[in-house]
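Just below is one structure, and these are the notes that go with it.
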Amino acid sequence: MKPSAVAAGAGAGREARSIAFVGDDAALVAALQKRQPAAMAAFHDRFAGYVLRVLVRILGQDAELEDLHHEVFVRALGSIGGLEDPARLSTWMVSVAVHTAKGCLQRRYRRRWLSLWTPEALAEAPDAAYEQDWNGQAELRATYRLLDRMPAEERISFTLRYIDGMALTELAEACGVSLATIKRRLKKAESRFYALARQHPLLAQWVEAGGRCR
């Protein structure tokens with residue numbers, strides 16, 4: 001994946017990029033609000049890998065990852081002025097990534113739903129993005145095929161909790177809901193996923209063998 005355009009913009013000019021940013025999160029947020037090049041470069045360098053991990057956990061090996069990765073930073077820089085507590089910078093950045101992924105999934109879900117009404121969709125063609133070899137991990141490919149059939153909010157909760165291992169409190173904050181709500185959402189997601197998995201020839205074996213998300 002090539003560097004985000006945000007990094008390119010932040011580092012416009014070798015000299016500007018070479019000036020290292022020095023300061024804590026409060027100083028970084030203040031500098032970002034002023035669009036200081038060194039701060040923008042430091043911001044991207046610090047969160048690029050983290051944001052990518054969150055997106056991959058939610059979406060899998062997706063053709064739109066690079067565009068969404070860029071979109072997260074554009075959204076973050078556009079709304080950084082609304083971050084009241086700089087100590088929450090990392091958590092806030094996860095929430096921006098989550099909401100960006102959610103928007104992508106919702107758009108796809110709507111398109112998929114509308115396609116059910118078109119004659120061309122009666123014979124569904126395989127998605128080329130899922131025909132890639134993920135290092136032979138057939139179960140992982142099958143899992144993300146099933147996740148494609150789940151509502152965005154349930155999919156995000158399920159993947160970040162059970163694939164990424166995010167703590168419940170962190171997950172609730174990233175999704176902008178209460179702990180009770182995230183628990184209810186996870187329960188629905190688990191129920192839906194297992195119902196789908198029992199119908200899949202590969203994952204059904206795992207379910208029957210007592211496989212459970214923890």
_Residue exposure sequence - TYR50, TYR144, TYR162 - by fewest surrounding Cβ within 10 Å_ = TYR50, TYR162, TYR144
*In nm, spacing of pseudo-spin labels at ARG53 and ALA180 (7 Å Cα→C-beta vector)*: 3.2
*asked:* At a 10 Å Cβ-Cβ cut-off, how would you order TRP92, TRP206, fewest neighbours first?
replied: TRP206, TRP92
*Counted charge near GLU64, where neighbours are those whose Cβ lies closer than 11 Å (Asp, Glu -1; Lys, Arg +1)*: -2
*Stretch gain in nm, segment ASP25-LEU168, where the contour uses 0.36 nm per residue and the Cα spacing is subtracted*: 49.0 nm
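Rule-based calculations on the coordinates, nothing more; no lab input. It should be emphasised that the depicted structure is a prediction, and the values quoted were computed from it without experimental measurement. Counting neighbours? That spans all protein chains shown, and the Cβs are built from the backbone with ideal geometry, glycine included.
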